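Trainee: Here you go, one structure.
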Amino acid sequence: MLVLKAVHFGAGSIGRGFIGDLLHASGYEITFVDVDPAIIAQINRDKAYDLYVIEQNYARKTIDSVRAVSSVTQEQEAVAALVDADIITTSVWADNLPRIAPILLKGLRARREAGKSKVNILACENAMFNSDILRSSLLAINGGLSAEELAETAAFPNTAVDRLVLEDEREGRKVINIGQDFELAVEQNKLAEPGSIPIQNAVYTDNLQKYLERKLYIINCGHAWAGYIGHIYGYEIIQDVFRHDELLREIMEAMMESARLLERKYGFPIRELAEYVDFAVARFRTPGIVDTISRVCRSPIRKLQPDDRLVGPCLGCEAYGLKNDRLLQGIAAAFLFRNPEDAQSEELRLFIEKHGIGAAITRYTGIAETTRLHQAILHHYEELSRIKRQRWEEKG
């Protein structure tokens, strides 16, 4: 019997709790490529790992037929797995895609030398056109494959990913608590074989953009908005922000601004989008789940990019003449996020100290100083700065 083989970069919460789960259900044996010696050792010791479904009273789900190799100390084993893979997937965090490109390139070169068939590579990251980012990272390596050679070797369908996954520990083992609902949307026309279904229970579409934006502009937007505003008010746990009735109302207002954009742009029924907002909020308020503001707000520069979760829908609303004041407020709040352990937060702080908030807005969002949006962000920034000083003084 033919055994399907998958290589997945990243054995973190998304890797094991979402993509690994779907690959296992699709009949693949999975090789995880990671840098964490502890999780690599655990996977190889147990030859399996456990997931716990939150809505099913944390019912256990075991994923077997798995192994793990280190991209640091076991490069040859990783390359050999890539040569034999029927599918390659990632969940390493979008900023880290360039870091896995060198070893992936070695695997793709070895596949060419071995005469292997064209392979699908799906970057399952919370970023717009995630697989395109990985493809560009491969092409940027000096002495690597040419664009033509890469196109002959691999296909790079973009994806949209959505599932609640939270790391936990039980009986001395690292496990993942997962939500039962999920969505993996795959760019069908970019598959190696466009009519194929390499992963079961995924959505295959020729219009991935609307799924990307629905997820990014509603779920990720609302989560980030809550995180940055929560930081202003001195919260450390994101769930506490969602328990604050007034802040919850404002979070939902921000999400609905995005929803009205998606209604106008793609024709999503507004009632369906309102239900999607309710679904997202219910997820964020799931009992027993604790997530930190610092994690939710990390990498603010990436989240302030013109096509990302805050600025993207804000610009879209402006183009369609739709209300976007809550989104503007969230953008301003992101510039006030401070975490000395977060490199992007530190870069923002230093730039603002040297050049001022006005220049920072333009540099990191692309919004010109002469626009109404720029002035509105400045206004919110000043207002939120006062609130933050007051709240943090009270907090001591």
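Trainee: Please go through segment 1-16 and give me each residue that is over 20 Å from D95 (Cα atoms) and buried (at least 22 other Cβ atoms within 10 Å of the Cβ), ordered by number. Walk me through how you get there before you give the answer.
Mentor: Keep residues of segment 1-16 that are over 20 Å from D95 (Cα atoms), which gives 1-6.
Passing the criteria: only A6.
Trainee: A follow-up question, please. When you go through L104, L108 one by one, which is the residue that is closer than 15 Å to A192 by Cβ and surrounded by 16 or more Cβ atoms within 10 Å (Cβ to Cβ)? Steps first, answer last, please.
Mentor: On the way: L104 fails: closer than 15 Å to A192 by Cβ.
Testing whether each residue is closer than 15 Å to A192 by Cβ and surrounded by 16 or more Cβ atoms within 10 Å (Cβ to Cβ) leaves just L108.
Trainee: Give me the pairs, please: first residue somewhere in segment 299-320 and over 18 Å from L261 (Cα atoms), second residue anywhere and open to solvent by 30 Å² or more (accessible area, probe 1.4 Å), beta-carbon distance under 7 Å, and either six or more positions apart or on two chains.
Mentor: Listed by first residue and then by second, the contacts come to S299/D95; S299/Q344; P300/Q344; I301/Q344; I301/E347; R302/D95; R302/Q344.
Trainee: Checking the structure you have, find out if any residue of segment 29-47 is over 14 Å from E167 (Cα atoms) and modelled with pLDDT under 95.
Mentor: Within segment 29-47 (the criterion being over 14 Å from E167 (Cα atoms) and modelled with pLDDT under 95), the answer is no, since none of the residues qualifies.
Trainee: Go through segment 281-297 and count every residue that is open to solvent by less than 80 Å² (accessible area, probe 1.4 Å) and either of a type in the set (V, I, T) or part of a loop (DSSP other than H, G, I, E, B) (or both).
Mentor: To start, the set of residues in segment 281-297 that are open to solvent by less than 80 Å² (accessible area, probe 1.4 Å) comprises 281-284, 286, 288-289, 291-294, 296-297.
Checking the rest, the ones that are also either of a type in the set (V, I, T) or part of a loop (DSSP other than H, G, I, E, B) (or both) come to 281, 286, 288-289, 291-293, 296-297.
Residues that pass the stated criteria total 9.
Trainee: Pairs under 9 Å by beta carbon, first residue modelled with pLDDT of 95 or more in segment 1-17, partner of a type in the set (K, R) and open to solvent by 40 Å² or more (accessible area, probe 1.4 Å), six or more apart or different chains?
Mentor: Listed pairs, sorted by first residue: R16/K174.
Trainee: I need a count of the residues in segment 18-39 that are assigned to a strand (DSSP E or B) and either over 19 Å from E77 (Cα atoms) or free of Cβ contacts under 8 Å to residues at least 60 places away in the same chain (or both). Can you show your working first?
Mentor: Quick first cut of segment 18-39, residues assigned to a strand (DSSP E or B) only: 28-34.
Then keep just the ones that are either over 19 Å from E77 (Cα atoms) or free of Cβ contacts under 8 Å to residues at least 60 places away in the same chain (or both); that gives 28-32, 34.
Residues in segment 18-39 being assigned to a strand (DSSP E or B) and either over 19 Å from E77 (Cα atoms) or free of Cβ contacts under 8 Å to residues at least 60 places away in the same chain (or both): 6 in total.
Trainee: Tell me which residues, restricted to segment 253-289, are on the phi > 0 side of the Ramachandran plot and in contact with a strand residue (DSSP E or B) (Cβ under 9 Å, 6 or more places away or on another chain). Walk me through how you get there before you give the answer.
Mentor: First, pick out the residues of segment 253-289 that are on the phi > 0 side of the Ramachandran plot: 267, 288.
The answer is G288, and nothing else.
Trainee: Here are the criteria: (1) within 26 Å of K5 (Cβ to Cβ); (2) outside any helix (DSSP H, G or I). Tell me which single one G179 does not satisfy.
Mentor: Looking at each condition in turn, G179 falls short on (1).
Trainee: Examine segment 359-374 for a residue that is part of a helix (DSSP H, G or I), in contact (Cβ under 8 Å) with a residue 60 or more places away in the chain, under 30 Å from K265 (Cβ atoms) and hydroxyl-bearing (S, T, Y), and state whether such a residue exists.
Mentor: Going residue by residue through segment 359-374, those that are part of a helix (DSSP H, G or I) are 359-365, 372-374.
With the extra rule that they be in contact (Cβ under 8 Å) with a residue 60 or more places away in the chain, the set shrinks to 364-365.
This time we only want the ones that are under 30 Å from K265 (Cβ atoms), so: 364-365.
With hydroxyl-bearing (S, T, Y) added as a condition, the list becomes 364-365.
Looking through segment 359-374, at least one residue is part of a helix (DSSP H, G or I), in contact (Cβ under 8 Å) with a residue 60 or more places away in the chain, under 30 Å from K265 (Cβ atoms) and hydroxyl-bearing (S, T, Y).
Trainee: For residues in segment 324-340 being of a type in the set (S, T, N, Q) and part of a loop (DSSP other than H, G, I, E, B), which is least open to solvent (accessible area, probe 1.4 Å)? Break it down into steps so the answer makes sense when it comes.
Mentor: First pass over segment 324-340, keeping only residues of a type in the set (S, T, N, Q): 324, 329, 339.
If we keep only those that are part of a loop (DSSP other than H, G, I, E, B) as well, we get 324, 339.
On the way: N324: 6, N339: 30 Å².
This residue is N324.
Trainee: Confirm whether I237 is of a type in the set (A, V, I, L, M, F, W, C), closer than 24 Å to R285 by Cβ, free of Cβ contacts under 8 Å to residues at least 60 places away in the same chain and open to solvent by 10 Å² or more (accessible area, probe 1.4 Å).
Mentor: Values: of a type in the set (A, V, I, L, M, F, W, C): yes; closer than 24 Å to R285 by Cβ: yes; free of Cβ contacts under 8 Å to residues at least 60 places away in the same chain: yes; open to solvent by 10 Å² or more (accessible area, probe 1.4 Å): yes.
Against the criterion (of a type in the set (A, V, I, L, M, F, W, C), closer than 24 Å to R285 by Cβ, free of Cβ contacts under 8 Å to residues at least 60 places away in the same chain and open to solvent by 10 Å² or more (accessible area, probe 1.4 Å)), I237 qualifies.
Trainee: On the basis of being over 17 Å from the mean Cα position of the chain (by Cα) and either closer than 30 Å to H223 by Cβ or at pLDDT below 95 (or both), does P198 make the cut?
Mentor: Details: over 17 Å from the mean Cα position of the chain (by Cα): yes; either closer than 30 Å to H223 by Cβ or at pLDDT below 95 (or both): yes.
Spelling it out, P198 is indeed over 17 Å from the mean Cα position of the chain (by Cα) and either closer than 30 Å to H223 by Cβ or at pLDDT below 95 (or both).
Trainee: Quick one: is D278 open to solvent by 60 Å² or more (accessible area, probe 1.4 Å) and under 15 Å from L212 (Cα atoms)?
Mentor: Working: open to solvent by 60 Å² or more (accessible area, probe 1.4 Å): yes; under 15 Å from L212 (Cα atoms): no.
Criteria not met by D278.
Trainee: Moving on. If the requirement is being open to solvent by less than 10 Å² (accessible area, probe 1.4 Å) and either hydrophobic (A, V, I, L, M, F, W, C) or within 20 Å of D86 (Cβ to Cβ) (or both), which of these qualifies: I40, I19, I54?
Mentor: On the way: I40 fails: open to solvent by less than 10 Å² (accessible area, probe 1.4 Å); I54 fails: open to solvent by less than 10 Å² (accessible area, probe 1.4 Å).
Unique residue meeting the criteria: I19.
Trainee: Only one of these conditions is not met by R349: (1) modelled with pLDDT of 95 or more; (2) surrounded by fewer than 16 Cβ atoms within 10 Å (Cβ to Cβ); (3) of a type in the set (K, R). Which number is it?
Mentor: (2)
Yes/no matrix, rows are residues, columns are (1) open to solvent by 60 Å² or more (accessible area, probe 1.4 Å); (2) part of a strand (DSSP E or B); (3) under 25 Å from N57 (Cβ atoms):
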position: P157; (1), (2), (3): no, no, no
position: R163; (1), (2), (3): no, yes, yes
position: E167; (1), (2), (3): yes, yes, yes
position: L216; (1), (2), (3): no, no, no
position: G222; (1), (2), (3): no, no, no
position: A226; (1), (2), (3): no, no, no
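Trainee: In segment 117-127, what residues are over 9 Å from the mean Cα position of the chain (by Cα) and under 22 Å from Y217 (Cα atoms)? Talk me through it step by step, then tell me what you get.
Mentor: To start, the set of residues in segment 117-127 that are over 9 Å from the mean Cα position of the chain (by Cα) comprises 117-123.
Those that are over 9 Å from the mean Cα position of the chain (by Cα) and under 22 Å from Y217 (Cα atoms): L122, A123.
Trainee: Something else about it: Tell me, yes or no, whether segment 179-190 has at least one residue that is crowded, with 21+ Cβ neighbours inside 10 Å, touching an Asp or Glu at 6+ places or on another chain (Cβ under 8 Å), charged (D, E, K, R) and modelled with pLDDT of 95 or more.
Mentor: Keep residues of segment 179-190 that are crowded, with 21+ Cβ neighbours inside 10 Å, which gives 184-187.
Filter again for touching an Asp or Glu at 6+ places or on another chain (Cβ under 8 Å), leaving 184, 187.
Next, from what is left, pick out any that are charged (D, E, K, R): 187.
Then drop every residue that is not modelled with pLDDT of 95 or more, which leaves 187.
Yes, segment 179-190 contains at least one residue that is crowded, with 21+ Cβ neighbours inside 10 Å, touching an Asp or Glu at 6+ places or on another chain (Cβ under 8 Å), charged (D, E, K, R) and modelled with pLDDT of 95 or more.
Trainee: Out of the residues in segment 135-155 that are over 19 Å from R99 (Cβ atoms) and touching a Leu at 6+ places or on another chain (Cβ under 7 Å), which is surrounded by the fewest Cβ atoms within 10 Å (Cβ to Cβ)? Outline the logic, then answer.
Mentor: Pass one, segment 135-155, residues over 19 Å from R99 (Cβ atoms): 146-149, 151-153, 155.
Among the residues that remain, those that are also touching a Leu at 6+ places or on another chain (Cβ under 7 Å) are: 147, 153, 155.
On the way: A147: 10, T153: 21, A155: 20.
Applying the filter and picking the extreme gives A147.
Trainee: Okay, moving on. Go through segment 191-209 and give me each residue that's closer than 20 Å to L4 by Cβ and without any contact (Cβ under 8 Å) to a residue 60 or more places away in the chain.
Mentor: Within segment 191-209, E193, P194, G195, S196, I197, Y204 meet the criteria.
The values are calculated or read from the model by the stated rules, or taken from the named source; none is laboratory data. Everything numeric in this text was worked out from a predicted model, so none of it was measured. Don't worry about glycine lacking a Cβ; one is built from the backbone with ideal geometry, like all the others, and counts go over all protein chains shown. Note: accessible area is taken over every heavy atom of the protein model, side chains too, but ligands, DNA and RNA are not part of it. Shrake-Rupley method; radii C 1.70, N 1.55, O 1.52, S 1.80 Å.
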